[in-house]
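Some notes on the structure that comes next.
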Amino acid sequence: KIILDRRVQRPGRPFSLIFDFSGARLPCLRVSATLEAREIVLPRIARPDAVGFLSAAAPVPANREFKRVHGEYAEEVLHAAFAHATFVLPADVTGTFSTDAVAVRWAIHFVFYTAVCDDDEGEGGGGGGGG
């Protein structure tokens, strides 16, 4: 479970995340998180060529997306019941918005590294050979 200290974040202010592993079904070995802003230029604005003109034969371009990382966190959490991360939104950033041409979206990207238990070893682990 991930707990955010408040729903609305403000530029220039820190905010915290708490990772609660107490009810996890799989053991988590490591967790990482990145605070990122994604600037998206929509297809009708994005230009596929360097000159800036679309030719009649040119395919419709996909969204052009630019990602900027504003904070990173990583921690080894094996045998931990909880972990804590703090991020700060830069004071001079633009919040999430969208128009018919561009969009800015803020997100926290999480990666959880887990261990997989073999059914043969069961909860006792150890796999010490049979015979």
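No value in this document is a laboratory result; all are computed from the given coordinates. None of the values given here were measured: they were computed from a predicted structure. Here Cβ is always computed from backbone atoms with ideal geometry, including for glycine, and neighbour counts include all displayed protein chains.
Label reach from L42 (point 7 Å along Cα→C-beta): in the stretch 83-98, amide nitrogens under 12 Å belong to 98.
Placing a label point 7 Å from the Cα of A80 along the Cα-to-Cβ direction, the residues of the stretch 13-27 with a backbone N closer than 13 Å are 17-22. Between R30 and V88, the simple label model (points 7 Å from Cα in the Cβ direction) yields a spacing of 2.7 nm.
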